[in-house]
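Heads up, the thing below is written out as structure tokens.
The values are calculated or read from the model by the stated rules, or taken from the named source; none is laboratory data. Bear in mind the structure is a predicted one, so any value in this text is a computation, not a measurement. Neighbour counts run over all protein chains shown; Cβ positions are idealised from the backbone, glycine included.
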Amino acid sequence: MSNEKKPLVGVLSIQGAFEEHQACLEASGCRTKQIRTVADMTEGGEALDGMVLPGGESTAMGLIGTATKESGGKSVWDALRDFIEVDKKPTWGTCAGMILLAERCVGASAVIQDGQALIGGMDILVCRNYFGSQVSSFEMATPPPPTSGGEDGGMASPYPGVFIRAPAILSAGQEVTVLGKVVATPCRQAAVVLEELERKIEKGETVVQMGVVDALERDGSQLRHREVVKASPCETGEEKKELEQDASIELPGAADGSNAREVICAVRKSNLLCTAFHPELTNDHRWHQYFAQMVKESVASA
Ligand SMILES: NC(=O)CC[C@H](N)C(=O)O
């Protein structure tokens with residue numbers, strides 16, 4: 001394929017392994033461009049065909065991404081929201097990048113007013129640092145991306161998931177396709193967050209900011225607090241119906257009587273892809289090939 005025909009994928013280059021993402025994307029038939037500003041997204045006369053948001057530290061990335069308004073009054077986050085919601089371009093968040101694409105986040109930074117600066121778009125509830133601290137980073141077998149079944153009829157080998165202080169997806173909306181689940185024990189801090197969240201869901205409490213336990217939902221460009229309720233079995237018909245409409249958060253239960261839970265590690269919703277792990281840190285390019293295919297299909301249908 002000549003260079004002209006290869007799709008152009010932007011890689012947010014504020015933090016993290018953006019060069020490694022570029023190498024994997026280029027090995028998967030894409031051209032890449034480092035993106036730090038709104039101007040980077042638009043200048044050069046060629047529109048980006050997709051974007052990758054790498055891992056890093058989502059609080060810091062949020063602060064940087066919303067800090068500067070460029071010409072037209074837009075921050076990088078505003079431009080990314082347009083890219084995702086208006087242009088409907090394929091966008092993939094890995095680890096911290098996944099947190100940024102989430103609509104809701106628990107364990108968000110307690111020191112930031114109005115919580116974490118999420119870009120949003122993916123109807124998922126994520127728990128930051130579910131799998132542990134930086135020192136307890138690890139590799140674990142995860143389900144491979146859907147297309148990698150190929151000719152062997154879906155018998156593809158597991159994908160080596162590299163988890164670095166990684167978030168987990170606790171629940172996903174009905175329109176979200178779950179592409180991978182793993183069973184894992186939350187780290188101590190995440191266990192406290194989950195316990196608190198469960199208690200609040202059980203009591204039908206409204207979850208507002210409370211230390212590291214924040215449940216936030218983005219509404220347009222604003223973050224707003226989301227009411228977390230769970231219908232109790234004794235509710236009357238009318239009340240129950242009303243509650244059920246709101247009760248979209250259900251936490252995964254304990255997997256086997258231990259503290260381990262079955263959590264989601266990869267999801268797709270139309271033009272958005274999220275993985276909790278770091279595919280750019282392995283030599284296995286199947287997830288980059290899967291995303292490159294999303295981008296190529298989007299270019300072909302434009
Ligand atoms: N490797 C990563 O991207 C870590 C994410 C980080 N724990 C956060 O919450 O932002």
(request) Search the range 53-80 for residues being small (Gly, Ala, Ser) and surrounded by fewer than 15 Cβ atoms within 10 Å (Cβ to Cβ), and hand back the single one that is nearest to the ligand (Cβ to nearest atom). (result) Ala60
(message) For the list (1) under 23 Å from Phe277 (Cβ atoms); (2) crowded, with 18+ Cβ neighbours inside 10 Å; (3) at pLDDT below 95, I need the number of the one condition that Gly50 fails.
(response) (3)
(request) Would you check which residues across the range 84-106 are surrounded by fewer than 24 Cβ atoms within 10 Å (Cβ to Cβ) and in a helix (DSSP H, G or I) and list them? (result) Ile84, Glu85, Val86
(request) Spot the failing condition for Gly44; the list is (1) in a loop (DSSP other than H, G, I, E, B); (2) away from the ligand (no atom under 16 Å from the Cβ); (3) in contact (Cβ under 8 Å) with a residue 24 or more places away in the chain, and only one is missed. (result) (3)
(request) Output the residues belonging to the range 81-108 that are more than 23 Å from Val299 (Cα to Cα), within 9 Å of the ligand (Cβ to nearest atom) and among the small types (Gly, Ala, Ser). (result) Ala96, Gly107, Ala108
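Does the range 87-109 contain any residue that is of a type in the set (Asp, Glu) and over 16 Å from the mean Cα position of the chain (by Cα)? Break it down into steps so the answer makes sense when it comes.
Our first condition is that a residue be of a type in the set (Asp, Glu); within the range 87-109, this holds for 87, 103.
Applying the additional criterion that residues be over 16 Å from the mean Cα position of the chain (by Cα) yields 87.
Looking through the range 87-109, at least one residue is of a type in the set (Asp, Glu) and over 16 Å from the mean Cα position of the chain (by Cα).
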(message) Among the residues of the range 23-30, are any surrounded by fewer than 20 Cβ atoms within 10 Å (Cβ to Cβ) and either among the basic types (Lys, Arg) or under 19 Å from the mean Cα position of the chain (by Cα) (or both)?
(response) no
(message) For the range 268-279, give me the residue count where each residue is farther than 12 Å from Thr91 by Cα and touching a Ser or Thr at 6+ places or on another chain (Cβ under 7 Å).
(response) 3
(message) Can you tell me which condition Leu25 does not meet? The list is (1) in contact with a Phe, Trp or Tyr (Cβ under 8 Å, 6 or more places away or on another chain); (2) within 13 Å of the ligand (Cβ to nearest atom); (3) of a type in the set (A, V, I, L, M), and all the others hold.
(response) (2)
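So that you can scan it fast, the table gives a plain yes or no per residue for (1) β-branched (Val, Ile, Thr); (2) assigned to a loop (DSSP other than H, G, I, E, B); (3) at positive phi; (4) modelled with pLDDT under 95:
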{"position": "Lys241", "(1), (2), (3), (4)": "no, no, no, yes"}
{"position": "Pro252", "(1), (2), (3), (4)": "no, yes, no, yes"}
{"position": "Asp284", "(1), (2), (3), (4)": "no, yes, no, no"}
{"position": "Trp287", "(1), (2), (3), (4)": "no, no, no, no"}
